[in-house]
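Bear in mind that the values in this text are calculations on the coordinates, not laboratory data. Keep in mind that what you see is a predicted model, and the values were worked out from it rather than measured. Positions of Cβ are generated from backbone atoms using ideal geometry, with glycine treated the same way; all protein chains shown enter the neighbour counts.
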Amino acid sequence: MTAYTSDLLKTLSERGYIHQCTDAEALDAAASKGTICAYIGFDCTAPSLHAGSLLGIMMLRKLQQSGHKPIVLMGGGTTKVGDPSGKDESRKVLTDDDISANMAGIREVFTKFLEFGDGPTDAVMVNNADWLDELNYISFLRDYGRHFTVNRMLSFDSVKLRLEREHPLTFLEFNYMILQAYDFLELHRRYGCTLQMGGSDQWGNIVNGIELSRRVDSAELYGLTTALLTTSSGAKMGKTAAGAVWLNADMLSPYDYWQYWRNTEDADVGRFLRLFTELPLDEIEKLESLDGAELNEAKKTLATQATRLAHGDDAAAQAAETARQTFEQGTLADGLPTLDIDPAKLKNGVGILTLTVEAGLAATNGEARRAISNNAIAVNDIRITDPKHTVGESDLVQDGAIKLSFGKKRHVLIRPA
RNA sequence: GGAGGGGUGCCCGAGUGGUUAAAGGGGACGGGCUGUAAACCCGUUGGCUAUGCCUACGUUGGUUCGAAUCCAACCCCCUCCA
């Protein structure tokens, strides 16, 4: 690996963010000389970003910490088209209302990771619908479409994949790469943005933007990608039992978020500590050199540090404490997810199936029933074997709650209220 | 517009008149082992007021005692031709 002189590239490369870079030396020089401005685009397909987007978010954070200006580009316009990269099938078309609701949720996430404002290194958030919506088809084609050959567009992975697998690629989606290329050009014009970052699946789109800007504006822009993040066993990051690992607290509690990181595979601990926490590298080296069960300490550190960034110190500490009480002491921890229940109902006794469903541990009675026959359901740590079992006031333990568990890891406190 | 191929459960994919809630695989979840890890082994994987009932193989009708399987129309996708 080249020895970089800029803080930015030094940090990014030491921590393992960099996969490919269009012209690392020139970018390094530019970043050492002064403030640069860089962007990453985010889709607006869901009301929150999830752990899969975290790499990008962290890079923008590192960028800002190294004294540069991050731009968060919301794909309000491009989401209407749908990025075919890495996808077999076209995406559902979202309505404008969906998109703007999603954008509002996503905005939340970024306020945790970046400082927004008007200063030279303050982050800004822009929406590409601002310029894409107004494009005039004919003039856009004449001014920009002329710089793309279909020959080359067909050679991109995102397109090739669909063609080879004989899956349909609509003309709408085919245009995506041109629009993203145009975004880069537009951001360069508006903000002097010279760097686009993204996942390795974005390489083609990024390079297109660089080339377009060079041809149209003679601008010299850079691209940098990160390796697509998977766990050591090859699973995609960010998915779990309950669904995606959302970054918004209202979609996934800080406790569950902490748990997600706590359950990291051994082989990923060091890598994740570098990417998703801000601990100094020497400390990380110490943590990852732990052996066997001791590595669990490193996982706890990872979980707490990662949770701090997304949810703040207090929430992280509380999640750690809740986990400690639950898993290490086997006691009831207040911080577990809670379900309030009508005391009158409890007095009469509530069926275990109903309770499991209401607590959100199972989606249907049938699932709860199956879980019971799989030995998965426990009340106050006592296995339930009878689907007709009822829970009542007598099950309330010390601090007036009932602990309902699905498997060894998922617990909910039932409280009369 | 024409010819041919196709639409099956979370995904892939078998099934071409009955014992089919639908083989097999993947994924996911649970149990065991462990360290809240990986690997491995075992199990589960449509719903319900549950020894029965309901819903389900693109949609709507039809044939039949009986259909994912046969017929008709329609919708959608793919390939080739115009």
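Of note:
- In a DSSP loop and with at most 10 other Cβ atoms within 10 Å, the GluC sites (Glu not before Pro) in region A:101-165 are A:GLU134.
- Order of A:CYS37, A:CYS193 - criterion: other Cβ atoms within 10 Å of each residue's Cβ, fewest first: A:CYS37, A:CYS193
- Computed from phi, the 3J(HN,Hα) profile of region A:68-76 under the Karplus parametrisation 6.51, -1.76, 1.60 (θ = phi - 60°) reads 10, 9, x, 10, 9, 9, 8, x, x Hz, with x in place of Gly and Pro.
- Kirkwood radius, chain A, all distinct C-alpha pairs, inverse of mean reciprocal distance: 23.8 Å.
- Remark on A:LEU49: its backbone amide H falls under 5 Å from those of A:LEU247, A:ASN248, a criterion applied only to residues 5 or more positions apart or on other chains, H modelled at 1.01 Å from N.
- q = 0.25 Å⁻¹, region A:184-232: log10 I(q)/I(0) [Debye, one scatterer per Cα]: -0.84
- Cleavage-rule hits, trypsin sites (Lys or Arg not before Pro), region A:125-157, DSSP coil, Cβ neighbours within 10 Å at most 13: none
- Each residue of region A:388-405 was assigned a 3J(HN,Hα) from its phi angle through the Karplus expression (A = 6.51, B = -1.76, C = 1.60, θ = phi - 60°), giving 8, 3, 10, 10, x, 4, 5, 8, 5, 9, 1, 8, x, 9, 10, 9, 10, 10 Hz with x at Gly and Pro.
- Near A:LEU228, the amide H atoms lying under 5 Å from its own belong to A:SER200; only residues 5 or more places off or on other chains count, and H is placed 1.01 Å from N.
- Here the residues A:PHE42, A:PHE406, ranked from fewest to most Cβ neighbours within 10 Å of their Cβ, fall in the order A:PHE406, A:PHE42.
- A:ASP23 long-range amide H proximity, modeled H, under 5 Å: A:GLY223
- Selected from A:TRP131, A:TRP246, A:TRP258 as most flexible by GNM, with chain A as the system and alpha-carbon contacts under 10 Å: A:TRP131
- Two-site label geometry, A:THR149 and A:ASP386: point separation in nm, points 7 Å out along Cα→Cβ: 7.8
- Computed [θ] at 222 nm, helices only, for chain A once each DSSP H run of length n ≥ 4 contributes -39500 (n - 2.57): -12500 deg cm²/dmol
- Region A:118-129 - phi-based ³J(HN,Hα) in whole Hz, Karplus 6.51/-1.76/1.60, Gly and Pro as x: 10, x, x, 10, 6, 6, 10, 10, 10, 10, 6, 4
- Dipole moment magnitude, nearest 20 debye, chain A about Cα centre, only Lys, Arg, Asp, Glu C-beta charged: 720
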